[in-house]
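Data block below; observations after.
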Amino acid sequence: MLQDDMLALPMTTNDGGMGDFSAPAGMGDFSAPAPAGMGGASLPATKLSGKAKAAIVVRLLLNEGADIPIEDLPDDLQMELTQQMGKMRLVDRDTLYAVASEFAEMLDNVGLTFPNGLAGALTAMDGRISRHTASRLRKEAGVRQFGDPWERLKALPPQDLATLAEAESIEVAAVLLSKLDTAKAAQMLVHLPGPVARQITYAVSHTSNVTPETVDRIGLSLAGQVDARPDLAFSSTPGQRVGAILTEAAAAKREEVLFALEEEDQEFATDVRKSIFTYALLAQRMQPLDVPKLMRVLAAPDVITAIAFASDPDDVATSEFLLDNMSKRMANNIREEVAERGKVKRVDGETAFGLIVGAMRDLVNTGEIELLSEEDEEA
């Protein structure tokens, strides 16, 4: 500010030049004109347009060191704001105070804000409306939506990014790799064939002269391909669906089906086996610190029945894993109950197994516990 009573804005040779925007909704006119200021450069506040008031507020905030995310505005609004600031000269203290007071009053009266446009609404409603409805609305909104298309691409799983990269030219894939976070880029390379991964990483060396406009067009094109994908009826793979079903099935029936699948399709049977979760696998996939969380959601009789029924070495190992990682008092009580329980019928034992596995899967789905991956097991 000049002499603490002026707000300096970029100079212009145009007279007036305050723009012709009408005041935005909710902004009233000032009742009294502002003093003339320096050299008659100021206009009465009653003659300021909404665009001029916006320019004054933005310049004031920038002068005070505020970090304003102007880049999040649509491109046309960024251009108009910058052009307006280029037309303005000096604003005296009284006019600045009046504009700032009106802006502060508007903020005080705000009770609720909504997302910016349809794209912002889709982001806010993500996971709350059906994928079919969201896809239809995106198509109606057009490919170019509010926000950065690269943000949507960065949120994709590494497998999907690898599929996109394989379908594109090496140069486009190199730009995609360069825009990703380093961790996500490394994961994408893992899912690419070796020769393709090498070609893409080498092509990164040729991206030094790529312009921002080119990167933006590539992002829009890739995001458009993602939006154009048909909706799938199932979010999980066939192997995962069959595996989930067999997890709930009796052990004898599970092995019978798996044997038949291996005769028909060995690869599919392998995928199914990877998706099956049984009582015997708890000791291999659960972390010891998560056992108390599991015990809190289980009924003691079900735990006693499962441990009393366990006879297979892997099942017994899981029982010992649970007993070793719960409180000593609870473990001693369960051991006493198991000793008094005697033989357990198969149907009761497998039902108890299923209840424990189901409770564990619920905790995984809600994010309360995290299972060890196959890589962690091997390590």
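The values are calculated or read from the model by the stated rules, or taken from the named source; none is laboratory data. Predicted model, so just to flag it, every value in this text is computed and none were measured. As a convention, Cβ positions derive from the backbone with ideal geometry for all residues, glycine included, and neighbour counts pool all protein chains shown. Just so you know, the surface numbers come from the protein's heavy atoms only, side chains and all, with ligands and any DNA or RNA stripped out. Shrake-Rupley method; radii C 1.70, N 1.55, O 1.52, S 1.80 Å.
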Of the conditions (1) in a helix (DSSP H, G or I); (2) touching a Ser or Thr at 6+ places or on another chain (Cβ under 8 Å), residue 277 fails just one. Which one is it?
-> (1)
For residue 290, indicate whether it is in contact (Cβ under 8 Å) with a residue 24 or more places away in the chain, open to solvent by less than 60 Å² (accessible area, probe 1.4 Å) and out of contact with any Asp or Glu (no Cβ under 6 Å at 6 or more places or on another chain).
-> yes
Considering segment 153-166, residues that are part of a helix (DSSP H, G or I) and within 20 Å of residue 216 (Cβ to Cβ), and then whichever is most open to solvent (accessible area, probe 1.4 Å), we arrive at 154
Mind checking which residues of segment 242-258 are within 36 Å of the chain's Cα centre (by Cα) and open to solvent by 70 Å² or more (accessible area, probe 1.4 Å)?
-> 245, 248
Taking segment 40-73 as the region of interest, how many residues are modelled with pLDDT under 85, under 25 Å from residue 117 (Cβ atoms) and either assigned to a helix (DSSP H, G or I) or in contact with a Pro (Cβ under 7 Å, 6 or more places away or on another chain) (or both)?
-> 2
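Assess whether residue 302 counts as being open to solvent by 70 Å² or more (accessible area, probe 1.4 Å) and either in a helix (DSSP H, G or I) or free of Cβ contacts under 8 Å to residues at least 24 places away in the same chain (or both).
No, not satisfied.
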Between residues in segment 330-351 that are without any contact (Cβ under 8 Å) to a residue 60 or more places away in the chain and residues that are of a type in the set (Asp, Glu) and not in a loop (DSSP other than H, G, I, E, B), which pairs lie under 8 Å by C-beta distance while being six or more apart or on different chains?
-> 331/324
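Please work out which residue is most open to solvent (accessible area, probe 1.4 Å), limiting yourself to segment 90-118 and to residues that are within 16 Å of residue 63 (Cα to Cα) and of a type in the set (D, E, K, R).
The qualifying residue most open to solvent (accessible area, probe 1.4 Å) is 93.
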Could you list, in sequence order, the residues of segment 171-188 that are open to solvent by 50 Å² or more (accessible area, probe 1.4 Å) and part of a helix (DSSP H, G or I)?
-> 171, 178, 179, 182, 183, 186, 187
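Yes or no, residue by residue, for (1) part of a helix (DSSP H, G or I); (2) touching a strand residue (DSSP E or B) at 6+ places or on another chain (Cβ under 6 Å); (3) open to solvent by 30 Å² or more (accessible area, probe 1.4 Å); (4) of a type in the set (Ser, Thr, Tyr):
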{"site": "197", "(1), (2), (3), (4)": "yes, no, no, no"}
{"site": "204", "(1), (2), (3), (4)": "yes, no, yes, no"}
{"site": "233", "(1), (2), (3), (4)": "no, no, yes, no"}
{"site": "240", "(1), (2), (3), (4)": "yes, no, yes, no"}
Residue identified as modelled with pLDDT of 85 or more and open to solvent by 80 Å² or more (accessible area, probe 1.4 Å) among 79, 125, 85 = 79
Subset of segment 259-272, residues surrounded by fewer than 16 Cβ atoms within 10 Å (Cβ to Cβ) and part of a helix (DSSP H, G or I), comes to 259, 260, 262, 263, 264, 266, 267, 268, 270
